[in-house]
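The structure appears below as structure tokens.
The values are calculated or read from the model by the stated rules, or taken from the named source; none is laboratory data. Remember, it's a predicted structure, so these values are computed and weren't measured experimentally. Cβ placement follows ideal geometry from the backbone for every residue including glycine, while neighbour counts extend to all protein chains displayed. Quick note on the areas: whole protein, heavy atoms, side chains included, nothing else; ligands and nucleic acids left out. Shrake-Rupley method; radii C 1.70, N 1.55, O 1.52, S 1.80 Å.
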Amino acid sequence: MPLDIQLNGVALGVWVVLQRDGAFFVQPETLNAWRLKQPSEAALLIFRNSSWVPLGSVPGFFAEVDDLRQAMLITVDSQAFAITSVGRGAVGDVGPSPVVPMAFLNSDVSLDLASPRVGPEQQILGGLFEAGVSGRWGVLTNSFFSRQGFGSFPDGDVNLAYQRLETRLTIDIPEFQLTARVGDSLSRGGLINRPVFFYGFQLGRNYALTPSIFTQPVPVIGGSAAAASTVELYINDALRRSSQVPPGPFTIDNPALFGPGGEVRLVVRDVLGRETVITRQAFSNNLLLRAGLDDFSLEAGALREGIGGPDDQYTDGFVSGVYRRGLTDALTLEANTSATRSLRMLGAGLAYELHPGLVAFGSAAGSQAQGLLDPADPGLGVGGPRTFGAATVLGAEYQRRRFGVTLQQTQRDERFQLLGLAPGLLATEETQINARLNTESVGNFGVSLASLDLPGSGRTRSLVGSYSTSVLDVASVAFTAVQTRGGVDSEAFSVSLVVPLSRGLVSSATATRREGGTDALASLSYAEGGVVGQGIRAIAGVQSETDFQELSAFRNGSTGGYSVDIRRDERRTFSRLGYRGAVVALGGKVGLTRSITGGVALVEAKGLEGVGVLLQGQEVAKLDADGQAIVAGLGPYRENPIRLEAADIPINAEVKNLETVVVPGIRSASVASFAVRSGRAVVFQLLGIDGMPLSAGTPVAVEGDRESFFVARRGEVFISSVPDRGVLAIQDRERPCRVPYELPADNVKAFVRVGPLSCSR
């Protein structure tokens, strides 16, 4: 019989139900449509060559049939429903947009002007630069710095025409989450080894190329709803998502919602107003990989020492590698190795989640070196004596919303060596302890302890304690105490007060007491904007027993960032003018923009000169006379919505899409195109071949344009963005015809009336 079904208060429409001997049956596909789980041990009924499932086998099933209304009211347990995943669709694999060739020069330039009370004035013009080209094949960059001095410099010549830093070709392969680099680079570190500069080849996993892949174990949080409900997700008391869920169990496992985690609270409200609150702790840890994921990096080349200095050089050839694998969500293993002519190192480690929020980690490694321990040994190098060393790292990290502690202990014997570090630079023992306690009533506490034992230098220990709290729910005050022992003993104590005065306007004061005197300063700063903005700051105080005053201002715009700093004390007046941005050549255009660190878009909207381009809701550029603009600062391999300012678009222009999405690569460019129909808005009065006004509803188009418009009363049709001359095509199936037109030159209004115009075959 066909019955109007209502399941747990939700109307599902009319479905066919079989009734036999007082029991009710439906077909399996009906259960699927109702989102009910298929009973695993239910005996199926065969009726008219079809299988039917007894509804009585569904957990908590109860039904009432209203014969008069031909309706059936069904209630079941919430666990009878299939699980609903909330918010999973918010993160998806996004393919990169087509890449267009680009050349750029990043610049961080400053002009320093020093005017001492006694002595000659000094000026230094210097800058850090990075030249690059990018395309479908990858990104090639070369970074360098240069400086030129003007005036007298007692310490020697400061001029440096050119000093190369790094030259590198980077190739991203998003399909496999791989990045390859050829040239100068930095090796990948691990639990026990450290990164080193080198020149050569590197191939490594790069999950940043696919943001939808969350590498850490994703917390799965869920509940159950007996009826249609609203689910609100709070992370650390901040609302992150509100979703509608159907009856039954549900889960929230979207990594974009959780981020680093914290205290998670789910509030479930059903249609009857009943409320359920679910609270749990959910923290992620970068030491862990999700089950089944791996992370690796392989390097080969020549080690680099003294980068950027006068002794910059390439030294020994080497190979190294690190590999991590998530065996389970709670267990991640790591292996690393490196080798040169005279050094071999092999290590292994693991990270294990003992309890939610509590991760223990450890690593052990051994090294074999030849002639590395005594630089004075004539046998230094391959022919020297072999020495073996060992090192271990043990630690644990426990994080909760209001409490966290990290412990790490490293032990190395004096014969243990690491790649790129000279003998004697490795500490034989390192201890690190960091703890925090956040309270709502009395403030936040923190303590850090670091201990280091270097061969021949003895033990150095640093202890830092901090406390901060709010004052009158408006201001905040912080206290910090630092004690250092070993080498040079010292103590310092500081207190700072921050008082927000209004939106963007903040005042602060800081005083620091140490051996030799007290430093104190007060500041007043104002900043506004986000991607584009400006600010100013004034500081006055005492530093090293010298009074000083500072004034700084900055402006971040579409063409880069500009800054000016002025400092005056008893000995001199110092000024600095700075610019940070880039010169970009893209799509036949050359212009200034912000530094090229992420993605770039060439925005094209022909005929819309002067229209604003919005990124993250803020205007970052204006379209030029060619209807183009270069926009930097886009998130690489992520969706970047770019909008046009609707208020700037003239009435005689029609834009098909006010927003478009681009997914550029890292330091790569893509095109963000907007389809624009430009011209004058016209009301045509059109007559058919018989001389009578065209019938209402007749489609009309401008030849060469695929969009159609429709005739209204009296044969009138409104067409936006019409060229000054052309032909109208009357798309009447029975009597199609054409109407040539030419708009009056003496009427330059954006909106004109033309006609009547007659059709011709």
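A few comments on the model shown:
- 3J(HN,Hα) couplings calculated from phi for segment 161-176 with the Karplus curve 6.51 cos²θ - 1.76 cosθ + 1.60 (θ = phi - 60°) are, in sequence order, 5, 7, 9, 6, 10, 9, 10, 8, 10, 10, 10, 9, 10, x, 4, 10 Hz; Gly and Pro show x.
- Mean-position separation - Cα centroids, segment 262-339 and segment 8-50, in angstrom: 48 Å
- If you count Lys pairs in the chain whose Cα atoms are under 23 Å apart, skipping same-chain pairs closer than 8 places in sequence, the total is 7.
- Measure of compaction for the chain (Cα Rg per 2.2 N^0.38 Å): 1.29
- The label-point distance for S496 and Y207, in a model that sets each label 7 Å from Cα toward Cβ, rounds to 3.3 nm.
- With the biggest extent put first, the Cα atoms of segment 699-749 measure 37, 24, 17 Å across the principal axes.
- Taking every Cα-Cα distance in segment 471-583 and sorting them into 5 Å bins starting at zero, the pair-distance distribution P(r) comes out as 2, 10, 15, 15, 17, 15, 13, 8, 4, 1 percent.
- Relative contact order of segment 672-761, taken over Cα pairs closer than 8 Å and 6 or more residues apart, is 36 percent.
- Estimated from helical segments only, the mean residue ellipticity of the chain at 222 nm is -500 deg cm²/dmol, where each DSSP H run of four or more residues counts as -39500 (n - 2.57).
- Convex hull of segment 502-645 built on C-alpha atoms - directionally averaged projected area, nm²: 11.8 nm²
- Across segment 408-418, computed HN-Hα scalar couplings (Karplus, 6.51 cos²θ - 1.76 cosθ + 1.60, θ = phi - 60°) run 8, 10, 10, 10, 9, 7, 5, 8, 6, 10, 10 Hz from first to last residue, x flagging Gly and Pro.
- Seen from L577, the other residues with C-beta closer than 10 Å to its C-beta sum to a net charge of -1, counting Lys and Arg as +1 and Asp and Glu as -1.
- Segment 617-708: trypsin sites (Lys or Arg not before Pro) falling in loop per DSSP and having at most 11 other Cβ within 10 Å: K656, R706
- Segment 1-148 - convex hull of the alpha-carbon atoms, volume per residue in Å³: 303 Å³
- Computed with a 1.4 Å probe over protein heavy atoms only, the accessible surface of the chain comes to 52 Å² per residue.
- Table column - 3J(HN,Hα) (Hz), segment 639-647, Karplus curve with 6.51, -1.76, 1.60, x for Gly and Pro: 6, 10, x, 10, 10, 9, 6, 4, 5
- Normalised by the number of residues in the chain, the average gap of Cα pairs under 8 Å and 6 or more apart makes the relative contact order 8 percent.
- What a 1.4 Å probe finds exposed on the chain is 56% carbon and sulfur by accessible area, rounded to a whole percent.
- Zone of V464's modelled label, taken as backbone nitrogen in segment 425-456 under 18 Å from a point 7 Å along Cα→Cβ: 430-438, 444-453
- Based on the convex hull around the alpha carbon atoms, segment 416-528 presents an average projected area of 10.8 nm².
- For segment 608-761, the equivalent ellipsoid built from the Cα gyration tensor has semi-axes of 39, 16, 12 Å, listed from largest to smallest.
- Efficiency of FRET between A42 and L505 - r from beta-carbon atoms, R0 56 angstrom, step 0.05: 0.20
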